[in-house]
Amino acid sequence: MIADLAFDVNLLYLLKREGFEVIEVGTEWTDKLGSKVTQTLFRSSLTMLFSVVRLRLIYSPLRRLMPWFRPLEAWIYKKLRAPLLTTLKTR
């Protein structure tokens with residue numbers, strides 16, 4: 001499991017993989033003035049992209065190569081000023 005911006009993507013993947021049915025429920029979004037996300041939209045978007053790519057690697061046969069990418073991963077997240085990701089073990 002992963003704990004960062006892609007937490008919900010990871011959760012949905014794990015639920016589908018375990019055979020749970022996932023349904024969509026509509027929500028209404030309202031922008032708030034002074035939102036921190038809108039001020040860092042580009043950086044947040046890149047962080048989310050890298051998090052989803054990282055998830056893809058974690059759940060692929062390439063997982064064994066992840067330790068080789070740790071220095072690059074740390075550098076990317078440092079440049080994006082995002083917290084370094086933590087991976088929790090799954091079965």
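The values are calculated or read from the model by the stated rules, or taken from the named source; none is laboratory data. Just so it is clear, the structure is predicted and the values come from calculations on it, not from any experiment. Quick reminder, even Gly has a Cβ in these numbers, built from the backbone with ideal geometry, and neighbours come from all protein chains shown.
Computed quantities for the displayed model
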| quantity | calculated |
| --- | --- |
| Members of the stretch 57-72 that are under 21 Å from residue 14 (Cβ atoms) and either at pLDDT below 80 or outside any loop (DSSP other than H, G, I, E, B) (or both) | 57, 58, 61, 62, 63, 64, 66 |
| Residue satisfying all of: in the stretch 18-46; basic (Lys, Arg) and exposed (fewer than 10 other Cβ atoms within 10 Å of the Cβ); farthest from the chain's Cα centre (by Cα) among these | 32 |
| Condition met for residue 54 (modelled with pLDDT under 85, basic (Lys, Arg), loosely packed, with under 12 Cβ neighbours inside 10 Å and part of a helix (DSSP H, G or I)) | no |
| Matching residues, the stretch 4-44, being at pLDDT 90 or above and acidic (Asp, Glu) | 18, 21, 24, 28 |
| Exclusive hit being without any contact (Cβ under 8 Å) to a residue 12 or more places away in the chain, aliphatic (A, V, I, L, M) and exposed (fewer than 11 other Cβ atoms within 10 Å of the Cβ), set 49, 65, 15 | 65 |
| Test for residue 84: is it surrounded by fewer than 13 Cβ atoms within 10 Å (Cβ to Cβ), within 16 Å of the chain's Cα centre (by Cα), at pLDDT below 85 and not in a helix (DSSP H, G or I) | yes |
